[in-house]
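One structure is given below, encoded as C-alpha cells.
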Protein chains: 4
Amino acid sequence: DLPLTVIAGPCQLETAEHARMIAEQMAEICAAAGAGYVFKASYDKANRTSLKGRRGPGVEEGLRILDDIRSTLGVPVLTDVHTAEQCAPAAQAVDILQIPAFLCRQTDLLLAAGNTGAVVNIKKGQFLAPWDMPNVVSKVESTGNERILLTERGTSFGYNALVADMRSLPTMMQTGYPVVMDATHSVQQPGGLGGASGGQREFAPVMARAAVALGIGAVFIETHEDPDTAPSDGPNMIPLSQMRALIDGLMDFDRLAKASPIRL
Amino acid sequence: DLPLTVIAGPCQLETAEHARMIAEQMAEICAAAGAGYVFKASYDKANRTSLKGRRGPGVEEGLRILDDIRSTLGVPVLTDVHTAEQCAPAAQAVDILQIPAFLCRQTDLLLAAGNTGAVVNIKKGQFLAPWDMPNVVSKVESTGNERILLTERGTSFGYNALVADMRSLPTMMQTGYPVVMDATHSVQQPGGLGGASGGQREFAPVMARAAVALGIGAVFIETHEDPDTAPSDGPNMIPLSQMRALIDGLMDFDRLAKASPIRL
Amino acid sequence: DLPLTVIAGPCQLETAEHARMIAEQMAEICAAAGAGYVFKASYDKANRTSLKGRRGPGVEEGLRILDDIRSTLGVPVLTDVHTAEQCAPAAQAVDILQIPAFLCRQTDLLLAAGNTGAVVNIKKGQFLAPWDMPNVVSKVESTGNERILLTERGTSFGYNALVADMRSLPTMMQTGYPVVMDATHSVQQPGGLGGASGGQREFAPVMARAAVALGIGAVFIETHEDPDTAPSDGPNMIPLSQMRALIDGLMDFDRLAKASPIRL
Amino acid sequence: DLPLTVIAGPCQLETAEHARMIAEQMAEICAAAGAGYVFKASYDKANRTSLKGRRGPGVEEGLRILDDIRSTLGVPVLTDVHTAEQCAPAAQAVDILQIPAFLCRQTDLLLAAGNTGAVVNIKKGQFLAPWDMPNVVSKVESTGNERILLTERGTSFGYNALVADMRSLPTMMQTGYPVVMDATHSVQQPGGLGGASGGQREFAPVMARAAVALGIGAVFIETHEDPDTAPSDGPNMIPLSQMRALIDGLMDFDRLAKASPIRL
C-alpha cells in the first residue's frame, strides 16, 4: 500500500550523460508527484528483432554507467540480465535484476539472479498465463530470496500483436509480491515493422491508468526526449516532456486505488 | 462527461416481480451513488450454448414486463433484439435496443434497430477489432439515427476464453459515441462448462474499475440476488448484495476519470 | 469414405448466366477428377463489413437462379440462410441450407433449418471451440433432421486475423457427420482492408490440402473467373482457371487419406 | 525433395541404454520406411514449468551419451543448447544444434551456434510470426553458416494453449531452408497441469500428417516406450510401439507431396 513507484528510463543506454539527464528529470518529477522512482536502462539488447538493431554499450561499460547513476543520484537502478554469468556483476552495479519475458522460464537464470540477493523483477512471458507465475516465482524463492517483483508486459494475441489482460494484475498480486505494469512494452507490435517492432505509443497511458486503478505497486514506462531517434523501442515510448503530466495524473488514481484495494 | 451510467439487471427475465425487485434496488443504489441507471433484461436468450438452456418468457410477455418496469419505476430500460421484426415492437416497450455481439454485423438488424429511432447499443463482436466498429456504426447512422452506444464485451482469446482489451475503449470513444464496458460478459468462459458457459465472476469488478478509470460512459453488469440459481450467466454475475459497494467505489474513479479525460 | 466432395461457386450470385458458367465448369472438373460437386452461391451477403459492400440479388431472384442451376444442370446446390423465415423457401430451391458462422448459435435459425428436412451445413463460429459443436448439432437434431454437415472456416486469432486449426477437423468428425474444410474463408483477414475483408488467397490450397490429407468429407472453395472484380471475398478466392489442377491434386491426397483414416 | 526425415527420441535423456534402445528401434523403422532419421534427446531441460521437473543428466554426461549414439549407431544426432557456451562442446558431440523456441531471438546464442559450423535447427518462438523468421535466420547466416533448419512447434493461442498454423510451413519454406514440423510439442498445453505442461497426444499424428502433405523436410516426434513415465513431455509423446505405423503412413503422404510441391 505504498505509493506507486515509477520505473522509467531510456530502454537502451546511450551515453552516461544521456542516462543521467533522464534519471535526474525523472527523479525530480516523481519526487514532486509523491511517487517512488527507479531508473531503468539496458546495457545490452540481447534479443533484437534484427541483427541490425543496436544493442547498447555492453555489460562492462553499461554497468559502469548504471553504478554511476545509482551512486551520484541516489536513485535505485534496474537493468535486465541475459545469462546466469551476468547476474553477479550486475548485482554489484544495480538494485534490481530484471528477467526478460522470453527468458522467464530459464531456470538457471532465475536461480543465479535469486542467488545475488538483489531484488528480482520477473517479466511474465508473452506465452505464459498469469496463474502460471507461481511456478516461476518458486524458482527464485528456492534460493532464499523473496525480494521479487512480477511484471505484466502483454501476452501474444495473434501474430505481431500483444494484448494486456487486466486480470493478470490481481492474479499475480495473489502471490503477495508487488506487481508492475509495463505500460510501454505491452503496446509493442512485435516484428510489426518487418525488421523491427512497431508500437502504439498512444495506448501506453491507457494501460498505465487502467493498471494503476487496480492498485499495482509500480508502473514501468520507457521514455526518451526524442523517441523517434531512440535506438530501440521508439514506437512505444512516451516522450520525456509528457512524463510529468502522466505521472501526476497516475498518482491521483493510485491514491484512490490504494484506499480501496481490490480483492479477488 | 456526464457521470457514469450503470446498466444492470438479471440477464434473463424471470417474473415481473423479480424484475421489479431488482430494478427498484438498483435504481435506489445508483441514485444514492450519483450514477445514472438503466434496467437491462432479456425476454429471449436466442443463442444459448445448449438447447437445454432456459430462454426466458418470450417477446410478448417479456416486453409487457419491461414496459411495466419503465412506466411504473420511471427508469430507462434496455433489451436485446434478435431479428429485424422484433425491433419495432421492442422499441415500443423499451428505450434502448441492444444488438447482440454475435449479430453485430447483420446489416438488416442494424438498419431495423436504427429505423425505430430508439437508442441502439451495439455490442462489439468477439471476432471484431475495435477499429472496425465505425463500419458497424455507419450502418445504424445510415438510418438517420445517431443515438448509438458501443459496448466492449470481450474478444476471443483461444478457445473457451475471452480477453477484455482496454485499448478498445478509447478506440471506440473516438467515434464520439458513449462507450460501455460490459464487465460481466467480458469475464465469461464461452462453452467452458461443456453444456453452458462458465465465468470468472471475481474479475468483473476488476474489468469495471479499469474501464471506469478510462472515462467510459457506462458500465454493464448483470446481477442477481442468487447468481447460482439464475437461469443464465450465473457464473459471471455479481450478487445483488455487492452492487452498492461496487458502484460506490466505481463512482470515485468515475469522477477522477471525467476530470482528466484520456485523449488518444 | 466416399470420395471428396467439392463445394464451390462464386460466393455472391451475380447473374444467372455467370452462375451457370461457373457451375458447368466446376461440374465438369469435378466429374473428371472423380470428386462430388455442390454448387454454392449466396443470394444475400447479410453481414458485409461495410454498408457499401454489394449484397447480391436478394432472396427471390437469387433462389430462382439457384433453382434453375439445380434443375438444368442436375448438380446439388447450397446457399446460406440468415433468418428463420428464409429457411422454408430456400429449401424449395436448394439442397443444402448453410448456417453462417456468426449465426451458428442462433437457436431459432438452426431449428427452422432443421425443420425443412434439407441438409444443414453449420459453419463453426470464429468464436467457437470445435468441441462445442455437439451443442450446436443437438439443436438441429432436435428437429429429427440428422442430415448435417460441419464446416471449419477459421477461428479468431488476434484482431483482423483467423487461424485454421487442424485439430478441429478430426474433433468435429467425432460427431459422425461429414466435415467440410472451408479453404477460402479460413484465409480471410476480417476487416483487414478497413472497409472490407482482406485475404491470403495463396494459402487456400495449403489449407485445402492439409485438410484433405486428414480424410474430410468435403472442401469448400470460392472461385471466380476474375477474383479481383468479384463483388465479395475476392482477396481469398481461387481463380477458376486454377481449379482443375487444384482439385486433381486434392483427389490424390483424398484417395490416400480415405485408405488410411485417422482415428483420435 | 529428399524423402522425409524423422527427428525422434525420448525428449529427455535418461540412460545411455535407454537412448540406444530408442535410437536403434527408430533407425530400423525409418530405414524400413525409406525415411531419413535423426536421433533427438536433451541433456538438460533448462526451462521446466516447475523447479520440481526433472532436468536430465546435464551437459557432460549427456553429451557423452549422445556422442556414443552417433558413433556406435551411425545416426545423426540433434540436441538443444541453452547458452552460447554450450554450443562448441555440443557441436563436438552432435550433428545438429537446436535453438529452443523461447530462445529463438537471443542473438548471442544464435551466433554461437552458427559459429560452430554445425547444422542449426531454429524453433520458431510461440510468440513469433512465421514471416518474422528471416530476421532470425539472418543472425545465423551472418556467421557464414547456411546449414539451417526451421521448426514450427505451435503458437500461443490464449492461455495454456497452442495452435499449429499450417500457413507457417510454406511461409518458412520460402527461406529456402528445410522446414520441420514438431508434431508433439505443437500439441502441448503449456502449464496446463498446474505444475507441468499437459498435452493432446492424440493430435500429434494429425499435425504430422497435415504437415507432411505440404511437403516439409522433416517431422519431429518425441517418443517413449512408456510416455506416462517419461520424465518430461509425456502427455504429448507418441508411444514407441505406434511409431512404425505412423511413419509408414506418413511416407505415403510424403511421396505424394514431394511429387506435387506447393508453391506460394
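Scanning segment B:232-257 for residues that are surrounded by fewer than 16 Cβ atoms within 10 Å (Cβ to Cβ) and either touching an Asp or Glu at 6+ places or on another chain (Cβ under 6 Å) or not in a helix (DSSP H, G or I) (or both) yields a total of 1. The listed residues are A:E24, A:E17, and the only one of them that is without any contact (Cβ under 8 Å) to a residue 24 or more places away in the chain and over 27 Å from A:F102 (Cβ atoms) turns out to be A:E17. Being closer than 21 Å to C:N160 by Cα and hydrophobic (A, V, I, L, M, F, W, C) is the requirement here; does A:L193 meet it? It is true that A:L193 is closer than 21 Å to C:N160 by Cα and hydrophobic (A, V, I, L, M, F, W, C).
Here D:G125 does not fit the description of being outside any strand (DSSP E or B), modelled with pLDDT under 95, more than 14 Å from chain B (Cβ to nearest Cβ) and closer than 21 Å to A:F127 by Cα.
Note on segment D:129-148: residues that are facing chain A (nearest Cβ under 7 Å) and under 17 Å from D:R167 (Cβ atoms) total 2. Is there a residue in segment D:234-257 that is of a type in the set (G, A, S) and within 17 Å of the chain's Cα centre (by Cα)? Yes - at least one qualifying residue is present in segment D:234-257. Among the candidates A:A204, A:A210, A:A218, which residue alone is at the interface with another protein chain (Cβ under 10 Å from one of its Cβ atoms) and either more than 16 Å from A:L149 (Cβ to Cβ) or touching a residue at least 40 places away in the same chain (Cβ under 8 Å) (or both)? Sole residue among the options that is at the interface with another protein chain (Cβ under 10 Å from one of its Cβ atoms) and either more than 16 Å from A:L149 (Cβ to Cβ) or touching a residue at least 40 places away in the same chain (Cβ under 8 Å) (or both): A:A210. Within segment B:221-236, the set of residues being among the polar types (S, T, N, Q) and in contact (Cβ under 8 Å) with a residue 24 or more places away in the chain comprises B:T223, B:S232, B:N236. Being in contact with a helix residue (DSSP H, G or I) (Cβ under 8 Å, 6 or more places away or on another chain) and among the hydroxyl-bearing types (S, T, Y), is that true of even one residue in segment D:227-234? Looking through segment D:227-234, none of the residues is in contact with a helix residue (DSSP H, G or I) (Cβ under 8 Å, 6 or more places away or on another chain) and among the hydroxyl-bearing types (S, T, Y). For segment C:194-207, the set of residues classified as in a loop (DSSP other than H, G, I, E, B) and in contact with a Ser or Thr (Cβ under 8 Å, 6 or more places away or on another chain) consists of C:G195, C:A196, C:S197, listed by residue number.
Is it the case that some residue within segment B:138-147 is crowded, with 22+ Cβ neighbours inside 10 Å and either without any contact (Cβ under 8 Å) to a residue 12 or more places away in the chain or within 17 Å of the chain's Cα centre (by Cα) (or both)? No, segment B:138-147 contains no residue that is crowded, with 22+ Cβ neighbours inside 10 Å and either without any contact (Cβ under 8 Å) to a residue 12 or more places away in the chain or within 17 Å of the chain's Cα centre (by Cα) (or both). Against the criterion of being in contact with a helix residue (DSSP H, G or I) (Cβ under 9 Å, 6 or more places away or on another chain), facing another protein chain (nearest Cβ under 9 Å) and free of Cβ contacts under 8 Å to residues at least 60 places away in the same chain, C:Q189 does not qualify. Within segment A:150-170, the residues that satisfy the criterion of being away from chain C (no Cβ under 14 Å), buried (at least 24 other Cβ atoms within 10 Å of the Cβ) and not in a loop (DSSP other than H, G, I, E, B) are A:L150, A:T151, A:E152, A:S168, A:L169.
Checked against the criterion of being in a helix (DSSP H, G or I), more than 27 Å from D:Q188 (Cα to Cα), within 12 Å of chain A (Cβ to nearest Cβ) and modelled with pLDDT of 95 or more, segment D:68-82 contains not a single residue that satisfies it. A search for C-beta distances below 9 Å between a residue of segment C:53-65 that is within 15 Å of B:Q106 (Cα to Cα) and any residue that is in a loop (DSSP other than H, G, I, E, B) and of a type in the set (G, A, S), counting only pairs 6+ apart in sequence or on different chains, returns C:G53/C:G195; C:G53/C:A196; C:G53/C:S232; C:R54/C:S232; C:R55/C:A46; C:R55/C:S232; C:G56/C:S232.
Annotation: of all residues in segment D:46-61 being of a type outside the set (D, E) and under 20 Å from D:A91 (Cβ atoms), the one that is nearest to the other protein chains (Cβ to nearest Cβ) is D:A46.
The values are calculated or read from the model by the stated rules, or taken from the named source; none is laboratory data. Worth saying up front: this structure is predicted, and the values here are computed from it rather than measured. A quick note on method: Cβ atoms are made from the backbone with ideal geometry, for glycine too, and the neighbour counts reach across all protein chains shown.
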